[in-house]
Ligand SMILES: Nc1ncnc2c1ncn2[C@@H]1O[C@H](COP(=O)(O)OP(=O)(O)OP(=O)(O)O)[C@@H](O)[C@H]1O
């Protein structure tokens, strides 16, 4: 692999974007126009302002052509070069775009594509749009090629922070000096995510006006706002400077750490079913994270029909279940060491304007073991993960054993909630836990039913549908109910070795309900 100085020299020699071959440009724009993908790269393009994004939208709305072509033209006019564009696609892990540009850049940059390809999930079913790069140019200090003032390309061997050398955000073992692995992985996420000023966020939310509040979580308040012509959700982390005792300070440091952890994870992995993070702000009185706005709130809100929302249909539930499973499959399969979400629950599945689910809240995520790779001895014993109790499996509650099957169990609870509309935990119910409730119901129903195996199964399905279906859900799609219920039961099995993996769960959830309602 080329050295940093050599790559920088090559970059200085790279032709400018407006010299890109026409056919390559057209093909790139075709990709970026689909699903408004260009709006996701615009926030990380140095020099692109909200007025530019607005201009691209207007250009397209007025039928004047591709918004992506317009965006690239604006960026080109600022003097950025072809290597900058290739690098931008690497940061967004837009591998198809990189492949189109393969012959436009010096082969010594191809390691970027190999890096991105090597980190794509193994399952062909997963549509990847991750954002990360071992070249980090998303910072606001980046200067264009033509100005001959390139920001130094940070190669896997470049220096960061106080002179500590990192190989890459994915190879923390190569850290030298006194920077810890955690410090570097935290830094890696921030490095790949644009910083936003607190002033910009105040403007975006009318000074964090109460009318902009869309939710409150354990770590702070979430506001709706407009930033760079994008609808965003701004999570303002609560910081209480008056609390000065050691425990409170430790608690706040932990919150910040978890939020930066979340930022790190979200910035590294982009996928249709993972909540996109646009930026962060650390220059104000409270740290803030900026996410894509999810117009339909959380799955929890929708299942409970909060804010006067209509109930979800069975078809919508089928699509949400599958999309969420795809997001989790991606996390578990993206790299050799699976990433455990750690806090899968209906409140952490957010729904965009098309009801496409996106996993959020990665504050508790960590790398962990997959059952296939480990023996019992190497299972991670986690002392500090604090998922939501009703979603935690027995092996974790009792012995703090942490494997990918923790997410599988939690997802099982989510599926049972979707099927039944019942809460994961209810004080006034016996049993209080939804999983125990569902197990009891199945046991009772199975013992009551007679007949041959086939008729018995049909009768059981019908009886459980009558007893446990979500009464608010319109329609009689018993097959969707049963798929959610039975897959949920398998996932929430007490024995983690009997729980399926997400490849199988996605297969189980492949219901033919992808059409519109
Ligand atoms: N990107 C988003 N778009 C729209 N609404 C959001 C977004 N992120 C969060 N919300 C809303 O804000 C609420 C609070 O979110 P937050 O992530 O802070 O907390 P939580 O997940 O509900 O709780 P906790 O973090 O304590 O587990 C959510 O339930 C949801 O209604």
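The values are calculated or read from the model by the stated rules, or taken from the named source; none is laboratory data. Keep in mind it's a predicted model, so treat the numbers as computed, not measured. Using ideal geometry, Cβ is built from the backbone for each residue, glycine included, and neighbour counts are taken over all protein chains shown.
Just give me the residues in the range 281-303 being near the ligand (Cβ under 9 Å from one of its atoms) and outside any strand (DSSP E or B), in sequence order.
Once the filter is applied, which keeps residues that are near the ligand (Cβ under 9 Å from one of its atoms) and outside any strand (DSSP E or B), the range 281-303 yields 293, 294, 295, 296, 297, 300, 301.
If a residue has to be touching a residue at least 12 places away in the same chain (Cβ under 8 Å) and not in a helix (DSSP H, G or I) to count, how many in the range 23-64 make the cut?
The number of residues fulfilling the criteria is 6.
Yes/no matrix, rows are residues, columns are (1) in the same structural domain as residue 99 (by TED's automatic domain parsing); (2) loosely packed, with under 15 Cβ neighbours inside 10 Å; (3) over 23 Å from residue 229 (Cβ atoms):
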| position | (1), (2), (3) |
| --- | --- |
| 20 | yes, no, yes |
| 24 | yes, no, yes |
| 29 | yes, no, no |
| 32 | yes, no, no |
| 52 | yes, no, no |
| 62 | yes, yes, no |
| 66 | yes, no, no |
| 78 | yes, no, no |
| 82 | yes, no, yes |
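Within the range 212-238, restricting attention to residues that are more than 8 Å from the ligand (Cβ to nearest atom) and in contact with a helix residue (DSSP H, G or I) (Cβ under 6 Å, 6 or more places away or on another chain), which residue is farthest from residue 282 (Cα to Cα)?
Across the range 212-238, the extreme among qualifying residues is 229.
For residue 309, which of the numbered conditions (1) on the phi > 0 side of the Ramachandran plot; (2) modelled with pLDDT of 90 or more fails to hold?
(1)
Where in the range 388-456 are there helices (runs of 4 or more DSSP H), lying wholly inside it, with at least 1 residues that are within 16 Å of the ligand (Cβ to nearest atom)?
Output list reads 405-420.
Is there any pair with a first residue in the range 332-345 that is within 9 Å of residue 361 (Cβ to Cβ) and in the same structural domain as residue 409 (by TED's automatic domain parsing) and a second that is within 12 Å of the ligand (Cβ to nearest atom) and at pLDDT 70 or above whose Cβ atoms are under 6 Å apart and which are 6 or more apart or on different chains, and what are they?
Correct list of pairs: 343/361; 345/388; 345/391.
With respect to residue 324, determine if the residue is within 12 Å of the chain's Cα centre (by Cα) and either near the ligand (Cβ under 9 Å from one of its atoms) or surrounded by 23 or more Cβ atoms within 10 Å (Cβ to Cβ) (or both). Steps first, please.
Numbers: within 12 Å of the chain's Cα centre (by Cα): yes; either near the ligand (Cβ under 9 Å from one of its atoms) or surrounded by 23 or more Cβ atoms within 10 Å (Cβ to Cβ) (or both): yes.
Judged against the criteria, residue 324 is a match.
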